[in-house]
Amino acid sequence: MRAINAHFAPELAFLRSLPAAIDAPNHIFVHAALPTEDLDALQTHPLSDCIKADAFAAQDVHFNKTVVVGHWPAALYSNKIACFNPILDRKRNVFSIDGGNAVKEEGQLNALIFPDVSSRDAVFTSVDSFPKYAALDAQQEGGNPFYLHWPDLECDILSEQNGLIQVRHRATGRLLSIPERFLYERAAPARFLDFSTHILPVSPGDTLSLLHPQRLSQGWYVKKNGIIGWYSGRISPVENN
C-alpha cells in the first residue's frame, strides 16, 4: 500500500480533491447513492453514504433531479436478463450506469453523453475487451431466461455429465444446467460464476462479444448490445477487432 500511495500520489491527490457529488442543472452525479437531494444538508452525512450502497435504485428514494450513480452493476437489478447497459428509473429518477467493468467477468465500461450541460436527455456508449464476431445465422429468442448472480449463487449439485452440472438454485428452486467452467466452489453449497441461461435473439450480421473462446454444449456464450446469453449459430471474426 505504501508503494501504491507513493507511486500514484498525484492521481490519488486528484481523486481526494473531488466533491462527493456534482450538481448540474437537471442532474446530480454521485458514485453510489444520494442520502438527500439537499446538497447543503449532505455536508452533515458521512462520505460513506455516497460511495457505498447496494442496489440504490431499488431503495425507497425519489428525486426531483435525475441522480446518476454507479457502484452497483446494472445487471444485478434482474434475475432474468443479464443486461449491463445503463438503467433509467423515472419513478425514482435514478440513472444507474455501472456496467460492471473490472467487477463482473462479462462487464463493460458505460459512458453517458449529454448534448449539453442542461439537457435532460442522454445517450450512452460502452466498450469491453472481448473479441468481436459477426453472427452468420438467425436465432429466435428463448423463453423463461434466468440470471444466476451474486449474491444468490448457492446451488445444490444434482448430477454431472459430459461437462454439464445439473443443479437446483437454493434461493429460487430453479433447475439449471451449467457448464463446468462456471463452477468455482464444489463443496456444498456449490457456487458458480455469474451465469445466464438466456437464448439471445440474433440476426445475421449482428456483432457479438465472445465471452468464452470455445463453443460450449449450449453454443457460444456471448454479449449482444450489453445483454448476456447464448448463440448456437456460426460466427466470423470482425475485421479491425
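Brief remarks on what is shown
- Filtered residue count, the stretch 32-43, keeping only those that are at pLDDT below 95 and closer than 18 Å to residue 16 by Cα: 2
- A single member of 64, 5 is in contact with a helix residue (DSSP H, G or I) (Cβ under 8 Å, 6 or more places away or on another chain), exposed (fewer than 12 other Cβ atoms within 10 Å of the Cβ), more than 27 Å from residue 105 (Cβ to Cβ) and not basic (Lys, Arg), and it is 5.
- Restricting the stretch 162-182 to residues that are under 23 Å from the mean Cα position of the chain (by Cα) and within 16 Å of residue 218 (Cα to Cα), the residue that is surrounded by the most Cβ atoms within 10 Å (Cβ to Cβ) is 178.
- Here the stretch 216-241 is the region considered, the condition is being at negative phi and at pLDDT below 95, and the residue that is surrounded by the fewest Cβ atoms within 10 Å (Cβ to Cβ) is 239.
- With a requirement of 3 or more residues that are in contact with a His (Cβ under 8 Å, 6 or more places away or on another chain), the strands (runs of 3 or more DSSP E) lying completely within the stretch 16-133 that satisfy it span 66-69.
- Here the stretch 16-39 is the region considered, the condition is being surrounded by fewer than 16 Cβ atoms within 10 Å (Cβ to Cβ) and β-branched (Val, Ile, Thr), and the residue that is nearest to residue 78 (Cα to Cα) is 36.
- The stretch 137-156 - residue that is without any contact (Cβ under 8 Å) to a residue 40 or more places away in the chain and part of a strand (DSSP E or B) and, of those, surrounded by the fewest Cβ atoms within 10 Å (Cβ to Cβ): 156
- When the stretch 96-111 is limited to residues that are surrounded by fewer than 17 Cβ atoms within 10 Å (Cβ to Cβ) and at pLDDT 95 or above, the one that is farthest from residue 223 (Cα to Cα) turns out to be 111.
- Among the residues of the stretch 40-51, those identified as surrounded by 14 or more Cβ atoms within 10 Å (Cβ to Cβ) and closer than 26 Å to residue 119 by Cβ are 42, 50.
- Single condition residue 159 does not satisfy, out of (1) among the hydroxyl-bearing types (Ser, Thr, Tyr); (2) surrounded by fewer than 18 Cβ atoms within 10 Å (Cβ to Cβ); (3) within 21 Å of the chain's Cα centre (by Cα): (3)
- The C-beta contact set for the stretch 201-221 (first residue among the polar types (S, T, N, Q), second residue outside any strand (DSSP E or B), distance under 8 angstrom, 6+ apart or interchain) comprises 203/138; 207/238; 209/128; 209/130; 209/131; 217/162; 217/163; 218/232.
- Residue ID - surrounded by the fewest Cβ atoms within 10 Å (Cβ to Cβ), chosen from residues in the stretch 115-136 that are over 15 Å from residue 228 (Cα atoms), hydrophobic (A, V, I, L, M, F, W, C) and in contact (Cβ under 8 Å) with a residue 40 or more places away in the chain: 117
The values are calculated or read from the model by the stated rules, or taken from the named source; none is laboratory data. Keep in mind that this is a model prediction, so the values were computed, not measured. For neighbour counting, all protein chains shown are included, and Cβ atoms are generated from backbone atoms with ideal geometry for every residue, glycine included.
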